[in-house]
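Heads up, the thing below is written out as structure tokens.
The values are calculated or read from the model by the stated rules, or taken from the named source; none is laboratory data. Keep in mind it's a predicted model, so treat the numbers as computed, not measured. Here the Cβ is made from the backbone with ideal geometry for all residues, glycine too, and neighbour counts use every protein chain on show.
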Amino acid sequence: MTRSQFAYILPVLLFLVLLYFLPMFKIVGISLEFPDFDLKHYVKLYESNAVRRIAWTTFVICTATTIITVFLSYILAYDLRFASPGRQKFMFMLVLLPLWTSALIRCVAWLILLRQNGLVNEALMFVGAIDTPLELVRNKIGVIVGMVHFLVPFAVLTLYASFRDIDERLMQASRSLGGRRIDTLSKVFLPLSATGVLQAVTLTFVFSLGFYVTPALLGGGRTVMLSEYVSVSVLQTLRWGLGTAICIVLAVLCIGLVLLSQRAIKRWNGAVA
Amino acid sequence: MNPDFTSYFWKTVSLVIAFFLAAPAIVIIPVSLTPSNYIEMPGVSDFSLRHYHELLKDNRWTTAAWDSLRIALLSSFLATSLSLVASIGIWRSQSKWSAAIQSALLVPLIIPQIATALALYSIWVQTGLYDTLIGVAIAHAILAVPFCIVTISSSLSNLDPRLDKAALSLGASHFRSMWDVLIPSLKPGIAAAALFSFVLSWDEVVVTLFVASRSVSTLPREIWNGVRENLDPSVAAVSTLLILISICIALVAWAKDLSVRAKSGERQ
């Protein structure tokens, strides 16, 4: 790299190093009681019942969200891959529409739909399917609905990109050799889409670990995830050490998962080729 | 089972999922048109714009809109210009180092936003950026830089490096070649990056909650407060306006075939 090429990269490097990476190191320092090297906040994370409970809730919600999101996205992306151009355009519009509306506004809309006297409950009672309103928000259900809704478009785009690389002739070959639809799907298409699925799973899970807005609004203070707990620790109880320690653990977890999945994909591709 | 039946079944399922995705945006619009003081579906004939009138009269919302607009423009300009110059530098050098730098620049994508929010909060308070327009704009630009770099880099990868080399060998400076040769060919990518970072800032709430307090209020922040206090139709009306603005931007991008590019650039 020549000096003039580096001069072009320098501004953004300075910008991010001074205003992003340095602050990040600062919160690592806070969590370790810099200049000491004290792991007491991390030990507290492990010992505290409250943190354990919230970490478990977070894990359960993220796992459920990931499974549902990837399942729904697979169906959509498969349909998009083989749809006629007209249908494809229409479906893409529906998929991309939420991407352009903010997480916050989508939560507002879900609150309107799902609360006790919300539209879903009123519609169900009007039809006579239920007598008393269902509890759809301020619990895990609400949070999962909101998170799945947020993440499906991302997962669809990821899966669709990988499905596009699958050679259609392989499926035609399977069918012309007498394979049933279900065989073609499970023995040809599914294995070929494995790396795409792994990417989508990683993306969804890593994104969902850090969710803040959706759990805070749709969980209504009763279903609390780690991000919201961090915000409460820092802003309300001023426990910076605890809050930053949770952040660092989350960040390390996210980076680790991404690296792990990249390595797995590389190995899988190597094994196939 | 009849193969036609199964294929119709799955196609219907996927259509239902697609509508599930669009549902919130579709529902919130009629709700904002209710004449009542509470959130409910208006009857077929009694749509009313009263909540929109109230928005325009309410200082809280108009100030927030003006702040949001200035912050989004500033942050979009900052993120796009920094990323443009950096992407060109990375593209020109093609070395091991530049690949490493590029992946380092993408780290903010993976780190949970709450960590970013805490980190910025702790420094912003010390440097006097806390609770200022510029401070919020810089925070949003930090979030936008990785997306802009991905978008502009993918546009650069379609460009013939010999164009740049020809300009340089004919005596143009690095800057001149960037300005007169590269930037004109990168317009769609740059526009996508600028639009995307604008929308990101316009919608951002998590980091904003941490780096601003009284003197800067953005629309998402006011919506956040509104939802937590009591959900009234004015929140639905602001949300509808924000959705419509985002959709307009998306349509402009769509017309220029940028939308998919910007959004698929979102992941590495």
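Looking across B:264, B:177, one residue alone is modelled with pLDDT of 85 or more and among the polar types (S, T, N, Q). It is B:177. Any residue at all in region A:155-177 that's surrounded by 15 or more Cβ atoms within 10 Å (Cβ to Cβ) and in contact with a Cys (Cβ under 7 Å, 6 or more places away or on another chain)? No: region A:155-177 contains no residue that is surrounded by 15 or more Cβ atoms within 10 Å (Cβ to Cβ) and in contact with a Cys (Cβ under 7 Å, 6 or more places away or on another chain). If the condition is being over 15 Å from residue A:105 (Cβ atoms), among the hydroxyl-bearing types (Ser, Thr, Tyr) and at the interface with chain A (Cβ under 9 Å from one of its Cβ atoms), then region B:202-261 contributes only B:259.
Annotation: of all residues in region B:114-162 being farther than 22 Å from residue B:187 by Cα and among the hydroxyl-bearing types (Ser, Thr, Tyr), the one that is surrounded by the most Cβ atoms within 10 Å (Cβ to Cβ) is B:116.
Starting from residues that are part of a loop (DSSP other than H, G, I, E, B) and either at pLDDT below 85 or within 12 Å of chain B (Cβ to nearest Cβ) (or both), keep the ones in region A:116-128 and report whichever is nearest to residue B:11 (Cα to Cα). It would help to see each step written out before you state the result.
In the first step, residues of region A:116-128 are kept if they are part of a loop (DSSP other than H, G, I, E, B); the result is A:116-118, A:128.
Within this subset, residues satisfying the condition of being either at pLDDT below 85 or within 12 Å of chain B (Cβ to nearest Cβ) (or both) are A:116-118.
Values: A:116: 32, A:117: 32, A:118: 29 Å.
Going through the qualifying residues, I end up with A:118.
The set of residues from region A:221-247 being surrounded by 22 or more Cβ atoms within 10 Å (Cβ to Cβ) and in contact (Cβ under 8 Å) with a residue 60 or more places away in the chain comprises A:223, A:225, A:226, A:229, A:242, A:244, A:245, A:246, A:247. Could you pull out the residue among B:143, B:109, B:118, B:84 that is over 23 Å from residue A:213 (Cβ atoms), in contact (Cβ under 8 Å) with a residue 60 or more places away in the chain and either within 11 Å of chain A (Cβ to nearest Cβ) or not in a helix (DSSP H, G or I) (or both)? Sole residue among the options that is over 23 Å from residue A:213 (Cβ atoms), in contact (Cβ under 8 Å) with a residue 60 or more places away in the chain and either within 11 Å of chain A (Cβ to nearest Cβ) or not in a helix (DSSP H, G or I) (or both): B:84.
When you go through A:113, A:94, A:99, A:72 one by one, which is the residue that is surrounded by 15 or more Cβ atoms within 10 Å (Cβ to Cβ), in contact with a Phe, Trp or Tyr (Cβ under 7 Å, 6 or more places away or on another chain) and facing another protein chain (nearest Cβ under 8 Å)? Explain how you work it out, then say what you get.
Numbers: A:113 fails: in contact with a Phe, Trp or Tyr (Cβ under 7 Å, 6 or more places away or on another chain); A:99 fails: in contact with a Phe, Trp or Tyr (Cβ under 7 Å, 6 or more places away or on another chain); A:72 fails: in contact with a Phe, Trp or Tyr (Cβ under 7 Å, 6 or more places away or on another chain).
So the residue among A:113, A:94, A:99, A:72 that is surrounded by 15 or more Cβ atoms within 10 Å (Cβ to Cβ), in contact with a Phe, Trp or Tyr (Cβ under 7 Å, 6 or more places away or on another chain) and facing another protein chain (nearest Cβ under 8 Å) is A:94.
For region A:185-202, the criterion of being facing another protein chain (nearest Cβ under 8 Å) and among the charged types (D, E, K, R) is satisfied by no residue at all.
Out of all the residues in region B:21-32, which are touching a residue at least 24 places away in the same chain (Cβ under 8 Å) and more than 7 Å from every other protein chain (Cβ to nearest Cβ)? Outline the logic, then answer.
Here is the first cut: in region B:21-32, the ones touching a residue at least 24 places away in the same chain (Cβ under 8 Å) are B:25, B:28-29, B:31-32.
B:29, B:32, listed by residue number.
Scanning region B:188-240 for residues that are among the hydrophobic types (A, V, I, L, M, F, W, C) and in a loop (DSSP other than H, G, I, E, B), we see that the one that is surrounded by the fewest Cβ atoms within 10 Å (Cβ to Cβ) is B:231. Within the bounds of region A:43-55, is there any residue that is more than 9 Å from chain B (Cβ to nearest Cβ), of a type in the set (Gly, Ala, Ser) and in contact with a His (Cβ under 9 Å, 6 or more places away or on another chain)? So far as region A:43-55 goes, no, none of its residues is more than 9 Å from chain B (Cβ to nearest Cβ), of a type in the set (Gly, Ala, Ser) and in contact with a His (Cβ under 9 Å, 6 or more places away or on another chain).
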